[in-house]
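Take a look at the structure set out below.
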Number of protein chains: 2
Amino acid sequence: MSVTAAGGFVANGIACGIKESGAPDLSLVSTVDGRPVAAAAVFTQNKMTAAPVVTTDAHLRATGGRAAAVVLNSGCANAATGEQGLADAEAMCALVAGQVGCTAEEVLVCSTGLIGFTLDMDAIRDGVPELVAGRLEEPQGALLAADAILTTDTTRKVSVARGPGFVVGGMAKGAAMLAPNMATMLAVLTTDAAVEPGPLTEVLRAAVADSFNAMSVDGCTSTNDTVILLASGTAGAPGDPAAFGVAVAEVCLDLATQMVGDAEGHTKVVRLTVTGARSDDEARAGARKVAESQLVKCSWYGEDAYWGRIASELGSAGIELVPDRLTVRYGDLVVAEGGVTAPVDAAVLAAYMDQEWLEVTADLGLGEGRARVLTNDLTHAYVDENMGTS
Amino acid sequence: MSVTAAGGFVANGIACGIKESGAPDLSLVSTVDGRPVAAAAVFTQNKMTAAPVVTTDAHLRATGGRAAAVVLNSGCANAATGEQGLADAEAMCALVAGQVGCTAEEVLVCSTGLIGFTLDMDAIRDGVPELVAGRLEEPQGALLAADAILTTDTTRKVSVARGPGFVVGGMAKGAAMLAPNMATMLAVLTTDAAVEPGPLTEVLRAAVADSFNAMSVDGCTSTNDTVILLASGTAGAPGDPAAFGVAVAEVCLDLATQMVGDAEGHTKVVRLTVTGARSDDEARAGARKVAESQLVKCSWYGEDAYWGRIASELGSAGIELVPDRLTVRYGDLVVAEGGVTAPVDAAVLAAYMDQEWLEVTADLGLGEGRARVLTNDLTHAYVDENMGTS
């Protein structure tokens with residue numbers, strides 16, 4: 001049901017003592033036999049790049065896109081930790097490599113948690129042998145691994161897609177693009193399809209663009225965001241490469257949707273579509289501006305369909321907009337047409353706004369550009385969760 | 001103490017019935033004798049431009065930068081109102097012109113309030129004669145005018161600066177860049193200095209860039225934002241043109257500071273300075289990204305000096321950043337140096353964070369670029385105020 005659904009992979013998750021709560025905090029996905037397989041990764045664009053991101057990127061470059069294991073910890077981001085942080089990330093890989101039976105460069109590493117604090121390497125050193133020795137196959141290993149990467153998440157996030165002759169499975173964590181105490185969005189996907197590192201990276205990039213990069217909880221980009229895809233090849237080359245891309249995209253979108261559905265303090269999940277823009281890029285810029293608007297997000301929390309705020313955000317998104325061509329819909333209910341308020345049955349609209357999942361569409365009436373963003377509302381609970389770091 | 005401090009101007013404010021509450025909602029600033037004087041304006045960049053913005057811009061172009069009066073209403077933005085909105089804005093100007101004794105094109109107009117609703121023109125038609133007839137000199141006229149433009153503001157916002165041989169005075173409204181029920185930031189300044197429309201516009205643009213455009217309550221840009229400066233010339237040409245620019249900038253910055261200090265639901269006002277950027281533009285982009293971050297704003301509300309969020313926002317602001325050169329200070333307290341957490345006395349830091357006014361400085365260590373943004377925290381009260389439009 002997740003990273004062990006595809007043949008060739010085992011996984012595990014344990015509590016090694018990084019989190020004071022005693023919750024699981026150390027996670028591993030590896031090949032069954034410790035041999036490296038094709039690997040691809042997509043990272044945060046944040047320039048305050050965390051040590052594990054630097055290390056994983058360097059390892060993939062050194063091996064030409066091959067890895068035998070991914071080790072992940074929650075409870076500490078190992079970000080803004082300078083030289084010590086890089087040394088610790090390398091040490092984590094070396095510890096795992098020694099137990100798995102591969103080289104340190106064939107291990108990738110991810111961390112999520114507070115920025116500005118160094119890892120408890122004693123806890124990790126003590127935990128790695130148990131972590132590696134206890135690796136399990138589908139489904140137990142995948143579930144343990146998925147639980148050990150969670151931070152403020154309230155639910156485990158796993159997904160599987162099956163294509164003709166192959167399987168793609170994945171796990172993820174993330175309750176905000178950059179969560180409060182515990183930062184970051186992480187995802188690890190595996191497949192049994194045989195795909196070389198180059199095309200594997202292309203498939204992953206395209207899938208991420210339409211999933212993880214098309215959601216916005218709070219407009220923040222973490223220092224640690226990482227998505228990794230390992231391909232064991234046990235099922236041979238996919239007969240239908242396009243179907244493989246679709247399956248990877250499906251797993252990424254499913255995991256992204258689970259994240260927004262678990263967003264901190266949310267009461268609404270909103271699928272916001274901008275159509276009729278001059279280009280897809282302009283549609284994307286407009287959708288993102290609306291999705292990141294504190295005012296719009298507060299409206300949704302209050303179940304208020306006030307479209308003036310959406311129009312105002314589109315108008316300041318740096319994209320072409322002609323007010324009298326704008327149409328805004330909640331579900332099928334047209335709340336604005338030709339740039340002015342449209343008559344709508346207040347009771348029907350109120351009933352629509354009462355739902356947890358909302359579909360909002362803004363049509364600019366200018367062209368064929370189109371984009372979709374998954375987002376959520378801004379609530380008292382979000383403020384509560386983010387007032388402090390402890 | 002405001003728009004009537006400079007010789008040559010009178011003002012008034014009344015309740016004409018636009019606001020259901022019965023609060024003052026119609027405001028006027030005009031020359032004493034109804035003759036047009038040099039005028040300059042700076043408008044919102046929002047493409048959902050409101051009717052009064054379109055009208056004021058057209059009037060200034062038609063007259064070559066001369067105006068005899070500014071009429072302003074609160075309680076309705078006259079935005080997203082199509083052809084009807086433009087006709088109403090023109091009608092407001094014509095009504096005032098008829099009473100003041102100038103042409104309709106010599107009247108400028110501003111509106112602030114809900115988007116998507118048309119003006120109550122009957123109320124305005126009935127109110128204008130009383131508004132014009134009751135105009136008063138300093139200080140009463142200015143105070144009445146300043147009160148009649150307020151919406152969610154909790155305090156009147158007025159300012160005066162005196163230079164060698166001239167006076168600059170102003171009034172403003174705005175409690176969010178785009179407030180909840182009642183939108184918009186508006187400001188009207190007057191001076192007795194004799195300055196032609198061209199140079200007057202240059203002085204105003206520069207002053208706005210460093211004041212109203214250097215604050216961010218919620219990152220939203222209203223459809224109606226307008227800043228107008230009228231110059232009666234009764235004091236003659238300023239002997240020191242640079243001093244005139246300084247005085248206009250001083251009034252704009254004072255009014256902007258009053259706005260942030262009255263921001264919706266705020267508990268903290270934060271002056272955020274980014275230094276050491278490669279350029280002023282990069283410093284500005286970085287400061288704005290931090291000031292608009294929900295996560296950072298929640299930290300401030302929680303009196304948490306967690307610098308990791310500030311660093312993460314700077315890292316994703318699209319500007320050059322080298323983690324190990326970053327220094328972050330709260331007041332004089334260094335919380336991060338060389339990109340890692342710096343030791344700081346927790347009790348001293350807690351006492352600093354307990355204040356209403358916070359000074360936050362992020363030095364990127366890369367160059368001479370520098371920018372400052374005035375902002376505030378994100379609170380439960382902000383969410384409360386913005387959950388609905390009624």
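The values are calculated or read from the model by the stated rules, or taken from the named source; none is laboratory data. All values derive from a computational prediction rather than experimental measurement. Positions of Cβ are backbone-derived with ideal geometry, glycine not excepted, and every protein chain shown enters the neighbour counts.
Filtering the stretch A:339-386 to residues that are under 30 Å from A:D281 (Cβ atoms), in contact with a Gly (Cβ under 7 Å, 6 or more places away or on another chain) and within 11 Å of chain B (Cβ to nearest Cβ) leaves A:G339, A:V340, A:T341, A:L364, A:Y382. The residues of the stretch A:322-356 that are among the small types (G, A, S) and assigned to a helix (DSSP H, G or I), listed by number, are A:A346, A:A347, A:A350, A:A351. Going by the structure shown, is A:V132 at pLDDT 85 or above, touching a Cys at 6+ places or on another chain (Cβ under 9 Å), surrounded by 19 or more Cβ atoms within 10 Å (Cβ to Cβ) and part of a helix (DSSP H, G or I)? So A:V132 does not fit the description; no. Residues in the stretch B:238-253 that are farther than 9 Å from B:G163 by Cα and surrounded by fewer than 16 Cβ atoms within 10 Å (Cβ to Cβ): B:G239, B:P241, B:A242. In the stretch A:318-337, which residue that is of a type in the set (D, E) and within 19 Å of A:D304 (Cα to Cα) is surrounded by the fewest Cβ atoms within 10 Å (Cβ to Cβ)? Top of the filtered list is A:D332.
Consider the stretch B:259-281 and keep the residues that are under 17 Å from the mean Cα position of the chain (by Cα) and surrounded by fewer than 19 Cβ atoms within 10 Å (Cβ to Cβ). The one that is nearest to B:A381 (Cα to Cα) is B:G261. Which condition from (1) surrounded by fewer than 23 Cβ atoms within 10 Å (Cβ to Cβ); (2) assigned to a helix (DSSP H, G or I); (3) in contact with a strand residue (DSSP E or B) (Cβ under 7 Å, 6 or more places away or on another chain) is the one that A:N213 breaks? Of the numbered conditions (1) surrounded by fewer than 23 Cβ atoms within 10 Å (Cβ to Cβ); (2) assigned to a helix (DSSP H, G or I); (3) in contact with a strand residue (DSSP E or B) (Cβ under 7 Å, 6 or more places away or on another chain), the odd one out for A:N213 is (3).
The residues of the stretch B:157-184 that are over 18 Å from B:I228 (Cβ atoms) and modelled with pLDDT of 85 or more, listed by number, are B:R162, B:G163, B:P164, B:G165. Which residue out of B:A287, B:A247, B:A283 is at pLDDT 85 or above, closer than 28 Å to B:V107 by Cα and more than 14 Å from chain A (Cβ to nearest Cβ)? So the residue among B:A287, B:A247, B:A283 that is at pLDDT 85 or above, closer than 28 Å to B:V107 by Cα and more than 14 Å from chain A (Cβ to nearest Cβ) is B:A247.
Among the criteria (1) more than 14 Å from every other protein chain (Cβ to nearest Cβ); (2) among the polar types (S, T, N, Q); (3) buried (at least 23 other Cβ atoms within 10 Å of the Cβ), the one A:T44 does not fulfil is (1).
Given the structure, is A:G116 on the phi > 0 side of the Ramachandran plot and either of a type in the set (D, E) or surrounded by fewer than 19 Cβ atoms within 10 Å (Cβ to Cβ) (or both)? Answer is no for this residue. All told, A:T375 meets the bar of being part of a strand (DSSP E or B), modelled with pLDDT under 90 and within 15 Å of A:V274 (Cβ to Cβ). Scanning the stretch B:305-338 for residues that are more than 10 Å from chain A (Cβ to nearest Cβ) and polar (S, T, N, Q) yields one hit, B:T327.
A:V71 falls short of the stated requirement of being assigned to a strand (DSSP E or B) and closer than 26 Å to A:P238 by Cβ.
Within the stretch B:111-140, residues that are within 13 Å of chain A (Cβ to nearest Cβ) have Cβ atoms under 8 Å from residues that are assigned to a helix (DSSP H, G or I) and surrounded by fewer than 18 Cβ atoms within 10 Å (Cβ to Cβ) in these pairs: B:T118/B:Q84, counting only partners at least 6 apart in sequence or on another chain. Taking each residue of the stretch A:358-386 that is of a type in the set (F, W, Y) and looking for partners that are in a strand (DSSP E or B) with beta-carbon atoms closer than 9 Å, six or more apart or interchain, yields A:Y382/A:N376.
Each residue in the stretch A:74-117 was checked for being in a helix (DSSP H, G or I), under 23 Å from A:V42 (Cβ atoms) and β-branched (V, I, T), and 1 pass.
There is no residue in the stretch B:254-274 that is at the interface with chain A (Cβ under 8 Å from one of its Cβ atoms) and among the aliphatic types (A, V, I, L, M). Looking across the stretch A:50-88 at every residue that is touching a Pro at 6+ places or on another chain (Cβ under 7 Å) and within 14 Å of another protein chain (Cβ to nearest Cβ), the one that is farthest from A:C16 (Cα to Cα) is identified as A:A80. What is the number of the single condition among (1) touching a Cys at 6+ places or on another chain (Cβ under 8 Å); (2) outside any loop (DSSP other than H, G, I, E, B); (3) in contact (Cβ under 8 Å) with a residue 60 or more places away in the chain; (4) within 11 Å of chain B (Cβ to nearest Cβ) that A:V227 does not meet? If we test A:V227 against (1) touching a Cys at 6+ places or on another chain (Cβ under 8 Å); (2) outside any loop (DSSP other than H, G, I, E, B); (3) in contact (Cβ under 8 Å) with a residue 60 or more places away in the chain; (4) within 11 Å of chain B (Cβ to nearest Cβ), just (4) comes out false. Filtered by the rule that a residue be of a type in the set (A, V, I, L, M), in the same structural domain as A:T234 (by TED's automatic domain parsing) and surrounded by fewer than 17 Cβ atoms within 10 Å (Cβ to Cβ), the stretch A:1-35 gives A:A23, A:V32. Taken as a whole, the condition of being part of a strand (DSSP E or B) and either surrounded by fewer than 23 Cβ atoms within 10 Å (Cβ to Cβ) or outside the structural domain of A:L255 (by TED's automatic domain parsing) (or both) applies to A:E359. Among the residues examined, A:C16 qualifies as assigned to a loop (DSSP other than H, G, I, E, B) and modelled with pLDDT of 95 or more.
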